[in-house]
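Below: the structure, in structure tokens.
Here, each number is a calculation from the coordinates, and none is a lab measurement. Everything numeric in this text was worked out from a predicted model, so none of it was measured. As a convention, Cβ positions derive from the backbone with ideal geometry for all residues, glycine included, and neighbour counts pool all protein chains shown.
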Amino acid sequence: MKRREIGKLLIANRGEIALRIIRSAKALGIRTVAVFSEADARSPHVAAADEAICIGPAEASKSYLNADVIIAAARTTGADALHPGYGFLSERPEFARAVAKAGIVFVGPPADVMAALGDKLSGRRIAKQAGVPMVPGAETASPGEIRAFAEREGYPILIKASAGGGGRGMRIVADESQLEAALEAGSREAMAAFGDGRVFVEKYLARPRHVEVQILGDMHGNLVTLGERDCSIQRRYQKIIEESPAPGLSASMRTKMAEAALALGRSVGYRSAGTVEFLVDGDNFYFLEVNARLQVEHPVTELRFGCDLVAEQLRIAAGERVSDVAAPVGCAIECRINAEDAANNFRPATGTVMHLAAPAGPGVRFDSHLEAGLEVGTHYDSLLGKLVTFGATREQARSRMVVALGEFSLLGVMNSAGFLRDIVASEPFARANLSTHFLDQFFSKWHPAETDGLEAAMVAAAMVASGAFGTRNGRGAAPAAAGPAIAARRSPWDELSGFELWRPR
Amino acid sequence: MRLRRVGGGEFDIDILGHEGSTVRARIDGIELSVSFESIADGAAMVTVNGRRYRVFGAALRDRILVTAGPMGFEFRRVEEGRSQAAKGLATPELCAPMPGKVLRILVKEGDEVEAGAGLLVLEAMKMETTLASETPARVKRILVAEGQMVDHGAVMIELSPSAQAPSHPESAPPES
């Protein structure tokens, strides 16, 4: 039960979460060290920290996933604690172990707890032993046993990556004819994403909701829950909208889920922030997995409970006790704005931010690393920012979100804000008709509304094409040098640029 | 000039003139008058039918990016004689929409494919994306191999109009 002052914290992450962690650390008077890849040398988190150190080239495997270099950076800068954020090395027990071995406090659960929960098969065993309800599943990775399971439980079944999270390598198999191909593809994707091709199988629920419970524990044996989050709005198992509380959940259900999460957490001696994920199917709930780290969607919990989960993690890592949990109020909703073309099969988008208008107003929080000049590439995940709104009621939070997404404007990187706005403004969302199939059901062929702003945009595009209007691209190439497609043909009207008002100054 | 909105259709637009901050334009034969007040380089307040929009615009290599309020638009200049109508083919080649690895090639040279048929599976950002033909087409040439890394914009497959299509590029009359 040793207490250990944290004087300097290394943040082993990038993007919005690195900024988020730096903010809380600074507010606690902790000095901060950022790490960055060569691609991120001019990223905001690098400037936000007190010190910054380059850890390698753009490829994640050579920088943000390079444990040795990151631990060396912590040693070099004299950091006495390390926060992994989410993704990257955050759920690698061998990394947590190596950090501790280097005499540095790992801000997260103990490595052994992480190892036990991180593996899907052992995580399910632990949950089962703690009395948490389970979806019928097969704890095996052998194709033969998966086939036998499917015949016993009936199709559809779900095949998942054993090592994974976030839905990578997941496959729904509707009938036997698809089994072989799904096993092969699931295993290959799992191998590409996690370097571990093991898969396992469970019964597929028809219209479930994804509801998860936030837990927080300290090294003195205290473990608390901070409500739940409904994260049912997902695309390919990637959450895009989350909210707290989960709408329409009965009080008894809420209590049972919290108790199940606590029982599981206690059985492994959970410490720091973690999330126990469930699938809710009517009045039943089933264990999904534990995310032994801070979640992307943690801000919705923070707004309702008036707490700072990163600050709690840091205090707990320093040996302090979990703070008293305040009674939750209101409702909070988060939208993840991604760099992708929602109207074009969600193709990943890249580019340089040339203009940004960030939403603001009562009950609006925007966690993001976006700023003018930022280059968005394909090396890392596509999250550009998390827009979170709070209201006394769900309806207030929801309508504030519609307004806030309407204020968001980003030139240079295609993004999902317009898609999110249409979802949040839709009737099914307003009625909280939530399930993990929400998008397939209501937004499978989404296209932006044709009318809003289109004529203004067309005229502006013609003005840009004629060189009469428009900023230069981020790297300073003038439109005239921007390729024959734009510069080649000039009509007499293109000489409009003689008109002073529109002239770039 | 002719522009194509990415994810939308093609249209003809001409700037007919200006007076003060008023810009007169013709879009597909319909004239309209908008107020176009430049605020700063690349920023303007545009008023159409009484609605005001904060508009930002930029030229980026072969693309024109515009935001009007929260809406983002992407346009491309359409070269005369290369429009969709003239060739029956929106894009004569399949380019990599992002850097990635060619996982699988689903067609072979000479294949006739339907609109929406998968041509190639690209792995980028740890996701498998199947790239499809926008229109019926014939696979003319395959320029990549499975396992190959490709850069953004790299031409991967050359297409020609489907043999069944009414107009053939060589025999197509010039665009009127």
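Summary table
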| quantity | calculated |
| --- | --- |
| Cα gyration tensor, segment A:209-451 - rounded (a/c under 1.5), prolate or oblate | prolate |
| Cut-off 16 Å, label 7 Å out along Cα→Cβ of A:ARG23, residues of segment A:387-424 by amide N | A:387-390 |
| Inter-label distance for B:VAL6 and B:ARG26, nm, one decimal - labels placed 7 Å from Cα along Cα-to-Cβ | 3.0 nm |
| Residue-count net charge about B:VAL139 - beta-carbon cut-off 14 Å; Lys, Arg +1, Asp, Glu -1 | -3 |
| Charge context of B:THR130, other residues only, Cβ under 11 angstrom, K/R +1, D/E -1 | -1 |
| Pairwise FRET efficiency - A:ARG431 versus A:GLU38, Cβ, R0 = 60 Å, nearest 0.05 | 0.80 |
| Simple Cβ-charge dipole of chain A, Lys/Arg +1 and Asp/Glu -1, about Cα centre, in debye nearest 20 | 860 debye |
| 20 Å Cα-Cα threshold exceeded, pairs from A:LYS8/A:LYS62; A:LYS128/A:LYS239; A:LYS160/B:LYS101; A:LYS62/A:LYS120; A:LYS160/A:LYS386; A:LYS160/A:LYS203 | A:LYS8/A:LYS62; A:LYS128/A:LYS239; A:LYS160/B:LYS101; A:LYS62/A:LYS120; A:LYS160/A:LYS386 |
| Quarter of the Cα convex hull surface for segment B:2-77, i.e. its orientation-mean projected area (nm²) | 5.3 nm² |
| Segment A:222-346: relative contact order as a whole-number percent, Cα under 8 Å and 6+ apart | 28 percent |
| At 0.692 mPa s and 37 °C, Stokes D of segment A:1-128 from Kirkwood alpha-carbon radius, µm² per second | 221 µm²/s |
| Which of A:PHE88, A:GLN214, A:ALA98, positive extreme of dipole for chain A (C-beta unit charges) | A:ALA98 |
| Extension gain, B:ALA145 back to B:GLU79 (0.36 nm per residue minus Cα-Cα distance, nm) | 20.7 nm |
| Over chain A, relative contact order from alpha-carbon pairs under 8 Å, at least 6 apart, % | 12 percent |
| Neighbourhood net charge (14 Å Cβ-Cβ; Lys/Arg +1, Asp/Glu -1) for A:ARG400 | 0 |
| Compactness of segment A:202-246 as Cα Rg over 2.2 N^0.38 Å, two decimals | 1.47 |
| Cα pair count fraction exceeding 52 Å, expressed as % - the protein assembly as shown | 13 percent |
| Two-site label geometry, A:VAL325 and A:ALA174: point separation in nm, points 7 Å out along Cα→Cβ | 4.2 nm |
| Estimated dipole of segment B:21-67 in Debye, rounded to 20 [Cβ of Lys and Arg +1, of Asp and Glu -1, Cα centre] | 120 debye |
